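Trainee: Pasting in a structure now, in structure tokens, and then I'll have a few things to ask.
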Amino acid sequence: MIVLLIFLFLLPPQSRASTDWVGNGGNLIECQNPYNLMLLDYYEGQHRRNLTIDLGTSDSVDEKVLFVLNRLEKINPSRAQTYKTWFRVFYKEVEFFQGYKFGPIPDTGPLIIPNNCEITQIGAQRPDNQIMPGDSRYLINETLWKQTNYESRAGLILHELIYREGISAQQTTSTRVRYFNQIISSREFESYDSLKILKLIQTVGFRYVDYYGIPIDLENARYYQSGAVRTAYAKGGEFIQGQKKMSLKNEWVVFNEDGTIQSIQKRESFFPASRSAKYFYYRDNDFSLFPNWISRRDP
């Protein structure tokens, strides 16, 4: 054991990186007869889920990434904007290395692959709390990067942007990250509406989503039997009626089952501290009361 620890310490940083953390790998699948090398995310999407991976027709890796994020922005703009912000500094936060390879990062979850195929690690990502001075957030094997096509390169960047959110959600495998990447990178995603994106975000275990145009926090959200959101905490958005509007940020929104707003309540009043606590509410979309709040005591 002592010899092993000394050996690991003496390895270059790129070789030791994968021993420091788990839950952050980007993988390729390499198959023989015929030879094929592609991002594992897209291989699963095409061969396991019959998805049509569509990153546009451009030969630019960056434009392919933006093609997917622009498609995501149509139904989930707040998430797309977050990913675009991270993408703008991606190349400043990545280290491409040669002459080394990753050790195994146990984050893929159970996989079933053809007998003539192997999984190869191409990328990794450090969580915020493990980025020391001089460290890069992302590590990518440049030799493998140059062997992949533009689609897999763009898909790897998208994988890492999504994984950045996955890490913040305490995810320790890439299973749900790969699935989300497959879906938003597919032509089938063009048919998604608010209910389908809500279900997708719940499936992949993320916390925030745009619901009928309103960015909401799914923590403590309540639902109708149909799965539609009944109440949720808004992270932004506006409620507009005629010439009047109000900000929904930091408010509890009560939705009708069809996604329209039923009422708006102050966050601190949604769960009153006591039955005598005063709270405020805005009811029935009646903007004749705006900007005054109606107040009452909890019965």
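The values are calculated or read from the model by the stated rules, or taken from the named source; none is laboratory data. Computed from a predicted structure; not experimentally measured. Cβ: placed from backbone, ideal geometry, glycine included. Neighbour counts: every protein chain shown. In case anyone asks, the SASA skips ligands and DNA or RNA and just uses the protein heavy atoms, side chains included. Shrake-Rupley method; radii C 1.70, N 1.55, O 1.52, S 1.80 Å.
Trainee: Tabulate in residue order the Karplus-calculated ³J(HN,Hα) for the stretch 235-244, using 6.51 cos²θ - 1.76 cosθ + 1.60 with θ = phi - 60°, rounded to whole Hz; enter x for Gly and Pro.
Mentor: 9, x, x, 9, 9, 10, 9, x, 8, 10
Trainee: At 1.4 Å probe size, with the rest of the protein present, what percent of the exposed accessible area of the stretch 150-276 is carbon and sulfur atoms? List each step's numbers first, then the result.
Mentor: Values: 2620 of 5850 Å².
Roughly 45 percent of what the probe reaches on the stretch 150-276 is carbon or sulfur.
Trainee: Over 30 Å between C-alpha atoms is what I'm after, so list which of LYS74/LYS249; LYS199/LYS235; LYS92/LYS196 land there. The partial results should precede the final answer.
Mentor: Working: LYS74/LYS249 20 Å; LYS199/LYS235 19 Å; LYS92/LYS196 34 Å.
Long pairs (Cα-Cα over 30 Å): LYS92/LYS196.
Trainee: Using a 1.4 Å probe, what is the accessible area per residue for the stretch 73-184, in Å²? Provide the component values of the computation, followed by the final result.
Mentor: Values: 5320 Å² over 112 residues.
For the stretch 73-184, the solvent-accessible area averages 47 Å² per residue.
Trainee: While we're looking at this one, here's another question. Quote to one decimal, in nm, the extra length available between LYS92 and ASN149 on full extension: 0.36 nm per residue of separation minus the C-alpha distance between them. Don't jump to the answer; show the numbers that get you there.
Mentor: Values: separation 57, 0.36 × 57 = 20.52 nm, distance 2.18 nm.
Extending this stretch completely gives an extra 18.3 nm.
Trainee: FRET efficiency for ASP193 and ARG222, Cβ-Cβ distance as r, R0 = 22 Å, nearest 0.05?
Mentor: Details: r = 20 Å, r/R0 = 0.93.
Working from the Cβ atoms, E equals 0.60.
Trainee: Same structure again: Among 144-156, 175-187, how do they line up by average Cβ neighbours within 10 Å per residue, starting with the highest? Intermediate results must be reported in sequence, preceding the final value.
Mentor: Working: 144-156: 19.6, 175-187: 23.0.
The densest-packed peptide leads the list: 175-187, 144-156.
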